[in-house]
Amino acid sequence: MRKPFTKAWIARLVSSLYLLAPFTVTAHSDNHYGHRSDGHAPIGVMADHFHNQGEWMLTLRTMNMSMKNEKTDFTVPVTASTPLEMETQMTMLGGMYGLSDSITLMMNLPYLDREMEMLMPGMMGGAASKVTTEASGFGDLKLGGAVRLRETETDRLHTTLMLSVPTGSIDETANMAMPGAMQNEMLLAPMMQLGSGTYDLISALTYVAFQLKTSVGAQWKNVVRLDENDRDYSLPNQNQATAWLAYNVDDSFSTSIRGQYFTRAGVDKRWDVGIGANYISDGGHRIAAEYLVPVDHDTDSVMEAQDYWAIGYQYSW
């Protein structure tokens, strides 16, 4: 049974944003990097910047991750349902609004398409068969804000606090062909569900420094599950650290390289590296793309990430 979650958590989130605001150091009226193509991080980095009072920004991202079973020995017959490959495509709508020069409100809502190919054991030693399961729908809504801690002509620092609301389904099922040609409706595994089923607290700290033609940035992000869901489990907590280097080809176009370290519950660990590009035009339009591949895994799961790409469009005014 889900542990009680009260409105006090939301009140704490909002009050935390305001309590941090007096400690900001700003010189935003003098900076110029916000109009550079590397004024934004690579598109795969979320909540990488903030806005001045009254500014708006809308974002539409499409992201794709593929995974593959790299551990199961398929030279022997399988005795249980075994995942082979999985692909997740997420389209995310995001919005930002500068409530003040210190606080930027944020929200995002994902729509997910998940597909997994599995190997089902045969009946009485018969041949195994492949089945495909699918799930699609809206994921968990995320609400919160960014607090500007420091901003000068050459660098900026901000923190982010967001609450993930369990709007995504954890009840997705599939009709599985069982031995004997029987059909059985089965609950999909947690990794195939559309949401966590829990309220989650997401916090991040982001720093970016700018030079004439280059910029460097780093972000640490943490996801903490605040309760258990209606199915009496919670997904593992997550930590992520990433750093990037961007080169300004000109004020409209930049390229980037990025490294990322991801860990889940301190056990599953992964290193990724990738390249990206940003393009901005007059009128507040930005188009960006990024591609990442894992270079090292340390996981107990049979499924390992193969690659990740993201394409995004942003409009600010």
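Data table
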quantity: Test: residue in the range 177-192 that is hydrophobic (A, V, I, L, M, F, W, C) and at pLDDT 95 or above; calculated: no
quantity: The listed residue being among the hydroxyl-bearing types (Ser, Thr, Tyr), closer than 26 Å to Met162 by Cα and free of Cβ contacts under 8 Å to residues at least 24 places away in the same chain, out of Tyr261, Tyr207; calculated: Tyr261
quantity: Residue within the range 233-240 that is without any contact (Cβ under 8 Å) to a residue 24 or more places away in the chain and surrounded by 14 or more Cβ atoms within 10 Å (Cβ to Cβ) present; calculated: yes
quantity: Residue in the range 201-209 that is modelled with pLDDT under 90 and not in a loop (DSSP other than H, G, I, E, B) present; calculated: no
quantity: Of residues in the range 273-317 being touching a Phe, Trp or Tyr at 6+ places or on another chain (Cβ under 7 Å) and closer than 22 Å to Leu235 by Cβ, the one surrounded by the fewest Cβ atoms within 10 Å (Cβ to Cβ); calculated: Pro294
quantity: Leading residue by the ranking (surrounded by the most Cβ atoms within 10 Å (Cβ to Cβ)) among those in the range 116-154 that are among the acidic types (Asp, Glu) and at pLDDT below 95; calculated: Glu151
quantity: For Asp272: the one exception among (1) in a strand (DSSP E or B); (2) in contact (Cβ under 8 Å) with a residue 60 or more places away in the chain; (3) of a type in the set (Asp, Glu); calculated: (2)
quantity: Residues located in the range 232-248, provided they are of a type in the set (A, V, I, L, M, F, W, C), farther than 14 Å from Lys269 by Cβ and part of a strand (DSSP E or B); calculated: Ala243, Trp244, Leu245, Ala246
quantity: Every pair of residues 6+ apart whose Cβ atoms lie under 7 Å, when the first sits in the range 211-227 and is touching a residue at least 40 places away in the same chain (Cβ under 8 Å) and outside any strand (DSSP E or B) while the second is crowded, with 19+ Cβ neighbours inside 10 Å and acidic (Asp, Glu); calculated: Leu226/Asp200
quantity: In the range 275-302, the residues that are within 20 Å of the chain's Cα centre (by Cα) and assigned to a loop (DSSP other than H, G, I, E, B); calculated: Thr299, Ser301
quantity: Selection status of Arg264, within 15 Å of the chain's Cα centre (by Cα) and basic (Lys, Arg); calculated: yes
quantity: Tally, over the range 47-70, of residues that are surrounded by 20 or more Cβ atoms within 10 Å (Cβ to Cβ), charged (D, E, K, R) and part of a strand (DSSP E or B); calculated: 1
quantity: Which numbered condition Arg61 misses (of (1) at pLDDT 95 or above; (2) basic (Lys, Arg); (3) over 21 Å from the mean Cα position of the chain (by Cα)); calculated: (3)
quantity: Candidate set from the range 250-261 (those that are over 20 Å from the mean Cα position of the chain (by Cα) and at pLDDT 95 or above); member that is nearest to Trp309 (Cα to Cα); calculated: Thr255
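The values are calculated or read from the model by the stated rules, or taken from the named source; none is laboratory data. What you see is a predicted model, and the numbers here were worked out from it, not measured in a lab. Every residue, glycine as well, gets a Cβ built from its backbone with ideal geometry; the counts of neighbours run over all protein chains shown.
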